[in-house]
Number of protein chains: 2
Amino acid sequence: MKQKIGRQNVLYPMPVTIVAALVQGRVNFINIAHVGILNAAAPHLITLGMHTMHHTNAGIRENKTFSVNILSEGKMVEMDYVGLVSGRETDKSRVFETFFGELKTAPIIKDCPVSMECRLIDIYDTGTHDIFIGEIVGTYVDDAVLTSGRVDLAKVKPLLFDMGTRRYWTLGAAIGECWSAGKALIST
Amino acid sequence: MKQKIGRQNVLYPMPVTIVAALVQGRVNFINIAHVGILNAAAPHLITLGMHTMHHTNAGIRENKTFSVNILSEGKMVEMDYVGLVSGRETDKSRVFETFFGELKTAPIIKDCPVSMECRLIDIYDTGTHDIFIGEIVGTYVDDAVLTSGRVDLAKVKPLLFDMGTRRYWTLGAAIGECWSAGKALIST
């Protein structure tokens, strides 16, 4: 039996990220899972859907740069913490260690196994949220999470987010190959 | 040790969806994992990043409606199949059973435990991809995947996608509460 449950967004789980930016010269972090991938072509474009009330938004507008970092399960507490307190009142700059890449103003989280350095190319305005559209200009990964030169999610151990039950989930096993599993149904 | 691996998009895993639309009067399906969430406010807005070559794009433009469906693991083969063949050459209308909701022109997949009926409100153009921005106007769920009235991902058993290794992944366990796990770090 199906039921209609109003107009809920149930596009979950989504990958949890930690977004880092400089805000008035200080490194700041926020967790964001309302992200998106726009294309599979260069330049690679991704989105962050961030309520306009957040302190980090000002820094992204100021420098037009930010980083998007994928954490491992072991950093769940720190990741959740940076979403609980605002950089307006709390200095979060030491929660994670950072370094700078080619953009010079986008702090990249050393403690995250996978990071993307982004240049802000556009802002889509929904009224309540700034949708920051970033071009990926540099991707940094820990050797330890690579298998045959590719990022191996089984080694990354990312977290996923679900607004329905407001929980963080781990990743399970890989069970199929894309553009392959369905070949059995192609009539010859 | 960190290494820079060019400008790769590593914002994975992303949730796998099946998008359904009417194209010239016929139901068509395609799998899309390059999705996004723009906001956490009404109207709820989500994005689909779809290469302009896809047949489904014409139907979304034609009717200004579509549905986004979350499948369970058991439908992996059918889901992968609808991404392997184009509706231009192949009638995929019977791969899944559908019904219509309030928009009348957005087929909703009965075999998927969670579905969102969407109205197209804007198209963001990246050159190679149409970014369809949809407003969620109706959410349909199977009773079987609800726990205390909320969608329970442990029951949905969604699939996740990763472009790095091009595999489908299952969901693991829930290991933490959002806006809670980090409270231990708030200094009192």
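Comparison of A:ILE30, A:ILE46, A:ILE109 shows that the only residue that is in contact with a Cys (Cβ under 8 Å, 6 or more places away or on another chain) and open to solvent by less than 50 Å² (accessible area, probe 1.4 Å) is A:ILE46.
Yes or no, residue by residue, for (1) touching a residue at least 12 places away in the same chain (Cβ under 8 Å); (2) under 30 Å from A:ALA173 (Cα atoms):
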| position | (1), (2) |
| --- | --- |
| A:ALA106 | yes, no |
| A:LYS110 | yes, yes |
| A:CYS118 | yes, yes |
| A:ILE121 | yes, no |
| A:TYR124 | yes, no |
| A:GLY149 | no, yes |
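Looking across segment A:168-188, the residues that are among the β-branched types (Val, Ile, Thr) and within 7 Å of chain B (Cβ to nearest Cβ) come down to A:THR170, A:ILE175, A:ILE186.
Being surrounded by fewer than 20 Cβ atoms within 10 Å (Cβ to Cβ) and at the interface with another protein chain (Cβ under 7 Å from one of its Cβ atoms) narrows it down to one of A:VAL77, A:VAL68, so name that one. Spell out the reasoning first.
Working: A:VAL68 fails: surrounded by fewer than 20 Cβ atoms within 10 Å (Cβ to Cβ).
A:VAL77 is the lone residue from the list that is surrounded by fewer than 20 Cβ atoms within 10 Å (Cβ to Cβ) and at the interface with another protein chain (Cβ under 7 Å from one of its Cβ atoms).
State whether the residues of segment B:54-65 include one that is of a type in the set (Gly, Ala, Ser) and crowded, with 24+ Cβ neighbours inside 10 Å.
yes
With a requirement of 2 or more residues that are closer than 23 Å to A:THR52 by Cα, the strands (runs of 3 or more DSSP E) lying completely within segment A:70-188 that satisfy it span A:107-109, A:114-125, A:129-142, A:160-162. Of all positions in segment A:145-154, at least one carries a residue that is at pLDDT 95 or above, more than 7 Å from chain B (Cβ to nearest Cβ) and surrounded by 17 or more Cβ atoms within 10 Å (Cβ to Cβ).
Each row is one residue, and each column tells you yes or no for (1) facing chain A (nearest Cβ under 7 Å); (2) hydrophobic (A, V, I, L, M, F, W, C).
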{"site": "B:LYS2", "(1), (2)": "yes, no"}
{"site": "B:ASN9", "(1), (2)": "yes, no"}
{"site": "B:TYR12", "(1), (2)": "yes, no"}
{"site": "B:PRO15", "(1), (2)": "yes, no"}
{"site": "B:VAL27", "(1), (2)": "no, yes"}
{"site": "B:ALA33", "(1), (2)": "no, yes"}
{"site": "B:HIS44", "(1), (2)": "yes, no"}
{"site": "B:GLY59", "(1), (2)": "no, no"}
{"site": "B:ASN63", "(1), (2)": "no, no"}
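Tell me, please, whether a residue that is at the interface with another protein chain (Cβ under 7 Å from one of its Cβ atoms), over 26 Å from A:ILE133 (Cβ atoms) and either surrounded by fewer than 23 Cβ atoms within 10 Å (Cβ to Cβ) or not charged (D, E, K, R) (or both) can be found in segment B:117-136. Break it down into steps so the answer makes sense when it comes.
Narrowing segment B:117-136 to residues at the interface with another protein chain (Cβ under 7 Å from one of its Cβ atoms): B:124, B:126, B:128-129, B:131, B:136.
This time we only want the ones that are over 26 Å from A:ILE133 (Cβ atoms), so: none.
Checking segment B:117-136: not a single residue is at the interface with another protein chain (Cβ under 7 Å from one of its Cβ atoms), over 26 Å from A:ILE133 (Cβ atoms) and either surrounded by fewer than 23 Cβ atoms within 10 Å (Cβ to Cβ) or not charged (D, E, K, R) (or both).
Taking the conditions (1) facing another protein chain (nearest Cβ under 8 Å); (2) at pLDDT 95 or above in turn, B:THR165 satisfies each one other than (2). Considered as a group, the residues in segment A:155-175 that are over 25 Å from B:LEU38 (Cβ atoms) and open to solvent by 50 Å² or more (accessible area, probe 1.4 Å) include one that is farthest from the chain's Cα centre (by Cα), and that residue is A:ILE175.
Please tell me if A:LEU84 is hydrophobic (A, V, I, L, M, F, W, C) and open to solvent by less than 40 Å² (accessible area, probe 1.4 Å). Lay out the reasoning, then the answer.
Working: hydrophobic (A, V, I, L, M, F, W, C): yes; open to solvent by less than 40 Å² (accessible area, probe 1.4 Å): no.
When the stated conditions are applied, A:LEU84 does not pass them.
Quick one: in segment B:89-104, which of the residues that are touching a residue at least 60 places away in the same chain (Cβ under 8 Å) and over 23 Å from A:MET1 (Cβ atoms) is least open to solvent (accessible area, probe 1.4 Å)? Per the stated criteria, the residue is B:LYS92.
Every residue, every condition in (1) within 17 Å of the chain's Cα centre (by Cα); (2) among the hydroxyl-bearing types (Ser, Thr, Tyr), yes or no:
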site	(1), (2)
B:GLY101	no, no
B:PRO107	yes, no
B:VAL114	yes, no
B:THR126	no, yes
B:VAL141	yes, no
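The values are calculated or read from the model by the stated rules, or taken from the named source; none is laboratory data. Quick caveat, the model's predicted, so the values are computed rather than measured. Neighbour counts run over all protein chains shown; Cβ positions are idealised from the backbone, glycine included. Heads up: the accessible areas ignore ligands, DNA and RNA and are worked out on the full protein's heavy atoms, side chains in. Shrake-Rupley method; radii C 1.70, N 1.55, O 1.52, S 1.80 Å.
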